[in-house]
Amino acid sequence: MTHKLLVIGSRGLLGQACLASAIAHEWEGVGVDVGEIDITDAASVEAVIAREQPSAVINCAAYTDVEGAETPDGRAIADRVNGEGPGIVAHACLRHKSAFIHLSTDYIFNGTSESGAEEADVPSEPMNAYGATKRAGEIAVTNVAGGLIGSHFQCVEPQICLVRTSWLFGASAKNFVSKVADRARAEGTVSVVTDEIGCPTYVRDLAECLIWMLEAESRSGIYHVVGLGSCSRFEFADAVLKGLGIPATVTPTTLDAFPRKAKIAHVSVLKNTKLPKLRTWQEMVQGYCEEVGRERSGF
């Protein structure tokens, strides 16, 4: 029987990667995005899932403007898309017996644990509005799944998984890596903070893991899927520029040099204690640089 994957938010960086990975694994892949589905509208979600009858659904849709979420208008959108939408999609998947994976973020933690957060750790109050709305989405999915025992959901069928990831990067999209590379090429120098620590995660590795989780029928619950190891933004940027062969100077600085509306955790490390480990973040950077090289050469 052919498996069918519905990706919500399919035009985004992760959505595109999920569709590509699914097709590579001989799944039928269907993508929908803004204009084709409204995850804050139960009737819209029900119509799409009833029409497609997918074996599984991955929700990549999110309001990701961390600074924008600090404004009244942005917060209102984030509350609906990040906070309410995931529960609506989870309900529809439960009704149609479709497996469901929802993507969340390290921002739901407040960065007080220097050793990193595990799947079963209960988040304290997030540091910013974006994190608070993503945490609300987690709670909505958890309620649909019948609550938690440790890091596992009470609901067994269909499979419902909440996957937290961090510092996502990939080619062909605007993200931290592309912004650093563009500035370095244009100016020959770039300032990057040394006091923000996290786990870089290459979008292709994450997408492959999500398809593996569906095929392996991983137990319903919370999972952390991130690159192995952690580093500062400075170390991350330095590795990328060296990998891309961009002869630029990377100047160390601190978060205080970049005033923002949203508070940012100094340490935001996710620990994967339940799944096979992904590649190290350094190996992921190498894979990213190779992908960019292929794109630039036309292959």
If the Cβ limit is 6 Å and pairs must be 6+ apart or interchain, which residue in segment 118-133 that is at pLDDT 95 or above pairs with which residue that is outside any loop (DSSP other than H, G, I, E, B) and of a type in the set (Lys, Arg)? 129/75
Can you name the residue in segment 224-249 that is of a type outside the set (A, V, I, L, M) and in a loop (DSSP other than H, G, I, E, B) and, of all such residues, is modelled with the lowest pLDDT? 247
Can you find, within segment 35-45, the residue that is surrounded by the most Cβ atoms within 10 Å (Cβ to Cβ) among those that are under 27 Å from residue 175 (Cα atoms) and touching a residue at least 24 places away in the same chain (Cβ under 8 Å)? 39
Where the second residue is of a type in the set (Gly, Ala, Ser) and surrounded by fewer than 24 Cβ atoms within 10 Å (Cβ to Cβ) and the first is assigned to a helix (DSSP H, G or I) and lies in segment 1-14, which pairs have Cβ atoms under 8 Å and are six or more apart or on separate chains? 13/172; 13/173
Filtering segment 176-223 down to residues that are farther than 18 Å from residue 265 by Cα and assigned to a strand (DSSP E or B) yields 189, 190, 191, 202, 221, 222, 223
Evaluate the following for residue 158: is it free of Cβ contacts under 8 Å to residues at least 40 places away in the same chain and surrounded by fewer than 21 Cβ atoms within 10 Å (Cβ to Cβ)? no
Does any residue of segment 268-286 turn out to be without any contact (Cβ under 8 Å) to a residue 60 or more places away in the chain and over 20 Å from residue 210 (Cβ atoms)? yes
Which condition from (1) in a loop (DSSP other than H, G, I, E, B); (2) within 15 Å of the chain's Cα centre (by Cα); (3) touching a residue at least 12 places away in the same chain (Cβ under 8 Å) is the one that residue 172 breaks? (2)
Residue check for residue 252: touching a helix residue (DSSP H, G or I) at 6+ places or on another chain (Cβ under 9 Å) and closer than 19 Å to residue 180 by Cα: yes
Here are 7, 48: which of them is in contact with a strand residue (DSSP E or B) (Cβ under 8 Å, 6 or more places away or on another chain), among the β-branched types (Val, Ile, Thr) and buried (at least 23 other Cβ atoms within 10 Å of the Cβ)? 7
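The values are calculated or read from the model by the stated rules, or taken from the named source; none is laboratory data. The structure presented is a predicted model; accordingly, all values stated were derived computationally and were not measured. A quick note on method: Cβ atoms are made from the backbone with ideal geometry, for glycine too, and the neighbour counts reach across all protein chains shown.
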